[in-house]
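Engineer: Have a look at the structure that comes next, please.
Derivation of every value follows stated rules applied to the coordinates shown; laboratory data play no part. Every value quoted in this text rests on a predicted model; they were computed, and no experiment measured them. Positions of Cβ are generated from backbone atoms using ideal geometry, with glycine treated the same way; all protein chains shown enter the neighbour counts.
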Amino acid sequence: MMRQLIALVIGATLLSGTALAGGTFTLNGKNTKIEFVGTKPNGKHDGGFEALAGTASATGTDPTTLKIEVEIDTSSLYTDTPKLTQHLKSPDFFSVKTFPKAKFASTKVARMADGYTVTGDLTLIGKTKSISFPANIKVGGGGLTLTSKFQINRQDFGMSFGTGKVDDQVTLKVSLNARK
């Protein structure tokens, strides 16, 4: 009887540790930051998005099992200049009235020598493109963290306003720190 009780306690402990390691995490504007840096020949502008909603899930502590789905509220776009914020929301760039949501859905996470590569479908202003980016990912202890800095080409999504005056490469910074 004592052996069965000990086995039950050990089994419950192992299962609860596994449950804390992976699972499903809610993503929102408080635990997930999506920021960008746009550049031009004579300077740069910082910005990001304040509102988003989504989920991330993983099995155990293995980041290669990570699945991410997130919708970004494009009207929550902000920059370091109010006039630029309004211009980026216009049809010249994000066209937020026509395309109120941007989306990202991961399709694969692969282990690399110095971290992971996340691949997925990014939808901006109605155009979906597969992108891949490097990331540092940790799953465990009831939490999920992901950090990444990478570039996308705005022309790939039809943002051509200011060609020659605004650089096509835009740096994205993603920081996710979700807890159960």
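Engineer: With an 8 Å Cα cut-off and a minimum separation of 6 or more residues, compute the relative contact order for the chain in percent. Could the numbers behind the result be given before it?
Structural biologist: Details: 401 pairs, mean separation 41.8, N = 180.
Computed value for the chain: 23 percent relative contact order.
Engineer: May I ask for the net charge around Gly43, where only other residues with Cβ less than 15 Å from the Cβ of Gly43 are counted and Lys, Arg are +1 while Asp, Glu are -1?
Structural biologist: On the way: positive: Lys40, Lys44, Lys83, Lys165; negative: Asp46, Asp80, Asp167.
Counting the neighbours of Gly43, the net charge comes to +1.
Engineer: Gain in length, Asn153 to Arg111, computed as 0.36 nm per residue apart minus the alpha-carbon separation, to one decimal in nm? Mind dumping the intermediate values first?
Structural biologist: Numbers: separation 42, 0.36 × 42 = 15.12 nm, distance 2.44 nm.
Using 0.36 nm per residue and subtracting the Cα-Cα distance, I get 12.7 nm.
Engineer: Once you have all Cα-Cα distances for the chain, histogram them in 5 Å bins from zero and send the whole-percent values.
Structural biologist: The distribution over the chain is 1, 8, 14, 19, 17, 12, 9, 6, 4, 3, 2, 2, 1, 1, 0, 0, given as percents.
Engineer: Of the listed peptides 125-134, 148-157, 105-114, what is their order by residue-averaged count of other C-beta atoms within 10 Å, with the highest listed first?
Structural biologist: 148-157, 125-134, 105-114
Engineer: Placing +1 on the Cβ of each Lys and Arg and -1 on the Cβ of each Asp and Glu in the chain, which of Pro63, Ala102, Asn136 has its Cα farthest towards the positive end of the resulting dipole?
Structural biologist: Among Pro63, Ala102, Asn136, the one farthest towards the positive end of the dipole of the chain is Pro63.
Engineer: Could you tell me which of Val170, Gly23, Val37 has its Cα farthest along the dipole of the chain towards the positive end, charges placed at Cβ (Lys, Arg +1; Asp, Glu -1), taken about the Cα centre?
Structural biologist: In the chain, that residue is Gly23.
Engineer: Still on this structure, please answer the following. According to a simple spin-label model (label point 7 Å from Cα along Cα-to-Cβ), what is the distance in nm between Ser90 and Lys103?
Structural biologist: Distance between the two pseudo-spin positions: 2.9 nm.
Engineer: Scan around Gly60 for amide H atoms under 5 Å from its own, H built in the peptide plane at 1.01 Å from N, and keep only partners 5 or more places away or cross-chain.
Structural biologist: Gly22, Gly23
Engineer: Skipping prolines and chain starts, which residues have an amide H placed within reach, meaning under 5 Å, of the one on Ala51, given they are 5 or more residues away or on another chain?
Structural biologist: HN-HN under 5 Å from Ala51: Asp73, Ser76.
Engineer: Distance between Cα centroids, the range 94-113 to the range 148-166: provide it in whole Å.
Structural biologist: 15
Engineer: Using only the C-alpha atoms of the range 104-158, find the volume of their convex hull and express it per residue in Å³.
Structural biologist: Numbers: hull volume 5.0 nm³, N = 55.
Per residue, the Cα convex hull of the range 104-158 comes to 91 Å³.
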